[in-house]
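The numbers here are math on the coordinates, done by the rules we state, and not lab data. Because the structure is predicted, anything quoted here is derived from the model rather than measured. Neighbour counts run over all protein chains shown; Cβ positions are idealised from the backbone, glycine included.
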Amino acid sequence: MEGTFEHSIDAKGRLFIPARLREELGVSFHLAAGIDTCLAIYPDETWKRITEKFAALPMSESAPLRIFFANAAKCELDSQGRIVIPQKLRKYAQLDRDAVILGVNDRAEIWASELWMPQEEEELNPANMKACMKALGI
């Protein structure tokens, strides 16, 4: 997944998912708290890999991951291509109205616009792009 898309969250907590991402996400997918202050959208295939890793852990090591799964939500698009973001997840990501959806390889991320825009402005520079290319071996 790739790209940046700006949309608004309505009063009922619904967010439009762009058609290009819907094609890659499929009919259903999972929404969970992400790293930083954002939400992560995982296609079923990626979510399956995550749950398999979790299931392989001893219970003593999996306990800290409870909160991740307890607050995850399976999503299905409504007829207008929207998902409902649960209130707890909206609060976690500080999502109020304006949101940015980012394609990030095997997942998408949902950010509050006011949190993403300054970060992007700070990080989108030649030095960081050079570091990205180096990390990717390009």
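Here ILE83 does not qualify as closer than 18 Å to ILE50 by Cβ and out of contact with any Asp or Glu (no Cβ under 7 Å at 6 or more places or on another chain). Taking region 57-98 as the search range and keeping residues that are surrounded by 13 or more Cβ atoms within 10 Å (Cβ to Cβ) and among the hydroxyl-bearing types (Ser, Thr, Tyr), which one is farthest from the chain's Cα centre (by Cα)? The qualifying residue farthest from the chain's Cα centre (by Cα) is SER62.
When GLU122 is tested against (1) free of Cβ contacts under 8 Å to residues at least 12 places away in the same chain; (2) surrounded by 13 or more Cβ atoms within 10 Å (Cβ to Cβ), just one condition goes unmet, and that condition is (2).
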